[in-house]
1. Within the stretch A:256-302, how many residues turn out to be part of a helix (DSSP H, G or I), in contact (Cβ under 8 Å) with a residue 24 or more places away in the chain and either out of contact with any helix residue (DSSP H, G or I) (no Cβ under 6 Å at 6 or more places or on another chain) or closer than 21 Å to residue A:69 by Cα (or both)?
2. Please work out which one of (1) farther than 21 Å from residue A:391 by Cβ; (2) within 17 Å of the chain's Cα centre (by Cα) is the condition residue A:166 fails and give its number.
3. Working only within the stretch A:359-384, note down all residues that are surrounded by fewer than 22 Cβ atoms within 10 Å (Cβ to Cβ), under 14 Å from residue A:132 (Cβ atoms) and more than 11 Å from chain B (Cβ to nearest Cβ).
4. Need the failing condition index for residue B:104 against (1) more than 15 Å from the chain's Cα centre (by Cα); (2) free of Cβ contacts under 8 Å to residues at least 40 places away in the same chain; (3) farther than 30 Å from residue A:350 by Cβ, just the number.
5. Which of the residues belonging to the stretch B:13-54 are within 14 Å of chain A (Cβ to nearest Cβ), more than 20 Å from residue A:351 (Cα to Cα) and either at pLDDT 95 or above or in contact with a strand residue (DSSP E or B) (Cβ under 7 Å, 6 or more places away or on another chain) (or both)?
6. Has the stretch A:390-400 got at least one residue that is within 13 Å of chain B (Cβ to nearest Cβ), under 23 Å from residue B:53 (Cβ atoms) and surrounded by fewer than 24 Cβ atoms within 10 Å (Cβ to Cβ)?
7. Assess whether residue A:244 counts as being surrounded by fewer than 24 Cβ atoms within 10 Å (Cβ to Cβ) and under 13 Å from the mean Cα position of the chain (by Cα).
8. Look at the stretch A:334-354 and say how many of its residues are in contact with a helix residue (DSSP H, G or I) (Cβ under 6 Å, 6 or more places away or on another chain) and within 12 Å of chain B (Cβ to nearest Cβ).
């Protein structure tokens, strides 16, 4: 269920945003003498105390390597690390925590699938389908693979509102299609894609689907079983967790059949110079000492999201999105890029005669942090024929009054630049 | 390293005013040499996809002297102002001088406490950019494009 549908079902108790804000120390700071208004959440969200303290606690009280020692600290660290894996499995409604592999983030998770799942069997002429609105993370790993193997990438088209043209997808699938890669929520446009429909279609042709969920996990309750996907990748830092950690969920049967993609410690059962016997899932894919503190922080972020209620956060964010959209549509010369019917809390835009870069610098001096540039989605920029856009993106702690300050800062920037 | 006072709002707000008043009024709205050349001997592209800047610098070079220079394309105010000032300055310069000035300009952008560099003339107006580390790349882009152009003479 997406955020809009959840809103219609009626979220019982509303989010107490001011109380929520008190949990984020960074929101107390000023930027250039003005209160920070952080509207760059799609790039990375801020972290609540619960996450910061969980990681701090690990380093202060039970820092040790995992799955290696018999001593108490290692036992505690291993337990916390594996608890985080169970937290992630719950977040995604994964059938088993054996299917959850910790990675550096979404990008590494997709690279893992490209290198361990597709590379061993892909042949020249094989095809990988991705949408026109993918982040570079869901394009470049496939491109590298294609260059080295003679496979090709095919693109699922989008319409002028920035929505996937689902009707066109079926015609693109054939017996050479090896995988479909699709972004759950577009970071550049905000579009929420009909992932379950894509998966249902793919299943008819027996094609596996990888979902880039980086922008989805902070804003909706993801259910990999209901979606019907085969791989789901996400990053902790987009959902109030630390940077440098994320996870890949994959169907157990697929993961079992895949060879390891990096070799080293942890991922082995027995090593001699003649042969190595690999460890079982999920450790087979986790070579070397993992990002233990990061994993613990991710677990804390999952627990924090559950405690606050993803639905409640999403309902609040959708109201912010509606208000911002309304205000921005009324702004002279402003064009919203990406007007899908179903959107996450992201508004990409351009303003006539004002380059996004200059806009970003000027409104930064009003304390307003936004993203400007190509958002690592250059094919999207090409589709809409813009060199770059500015983008605001909301999190649960943002306020309606912050949107007012943002709009005032836009006015000020235009006065200066036009 | 930033040496301007980040604590004082007045200073920063003024830096921002300085940055945009000089550049925007003069060069962003009315960039100099903002057109294609008929018969350039050299051309170089300045592309910063991350920021959305994409300019083309064209030169006419004879006997190691840059006789004419112009730029075209889409870019932010700082890139445009930098290209506008640079193309003006380039006319009549020896190639060696460009390379010397390029080094001086990079130094100027790296340290906001530096004073004017005489050879750079009007380009010194861009000094305010040094206080905006995220924007230095924009000021440097046209220089990179010229450097690229000089390495690749056209047929």
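The values are calculated or read from the model by the stated rules, or taken from the named source; none is laboratory data. Please read all numbers here as calculations on a predicted model, not as lab measurements. Every residue, glycine among them, receives a Cβ derived from its backbone with ideal geometry; neighbour counts consider all protein chains shown.
1. Looking only at the stretch A:256-302, we keep the residues that are part of a helix (DSSP H, G or I), and these are A:256-257, A:283-285, A:292-302.
Still in the running and in contact (Cβ under 8 Å) with a residue 24 or more places away in the chain: A:256, A:283-285, A:292-302.
Retained after the next criterion (residues that are either out of contact with any helix residue (DSSP H, G or I) (no Cβ under 6 Å at 6 or more places or on another chain) or closer than 21 Å to residue A:69 by Cα (or both)): A:256, A:283-285, A:292-296.
Summing the residues that are part of a helix (DSSP H, G or I), in contact (Cβ under 8 Å) with a residue 24 or more places away in the chain and either out of contact with any helix residue (DSSP H, G or I) (no Cβ under 6 Å at 6 or more places or on another chain) or closer than 21 Å to residue A:69 by Cα (or both) in the stretch A:256-302 gives 9.
2. Every condition holds for residue A:166 apart from (2).
3. Selection gives A:379, A:383, A:384.
4. That leaves (1) as the condition not met.
5. B:45, B:46, B:47
6. Among the residues of the stretch A:390-400, not one is within 13 Å of chain B (Cβ to nearest Cβ), under 23 Å from residue B:53 (Cβ atoms) and surrounded by fewer than 24 Cβ atoms within 10 Å (Cβ to Cβ), which makes the answer no.
7. Working: surrounded by fewer than 24 Cβ atoms within 10 Å (Cβ to Cβ): yes; under 13 Å from the mean Cα position of the chain (by Cα): yes.
When the stated conditions are applied, residue A:244 passes them.
8. Within the stretch A:334-354, residues that are in contact with a helix residue (DSSP H, G or I) (Cβ under 6 Å, 6 or more places away or on another chain) and within 12 Å of chain B (Cβ to nearest Cβ) number 1.
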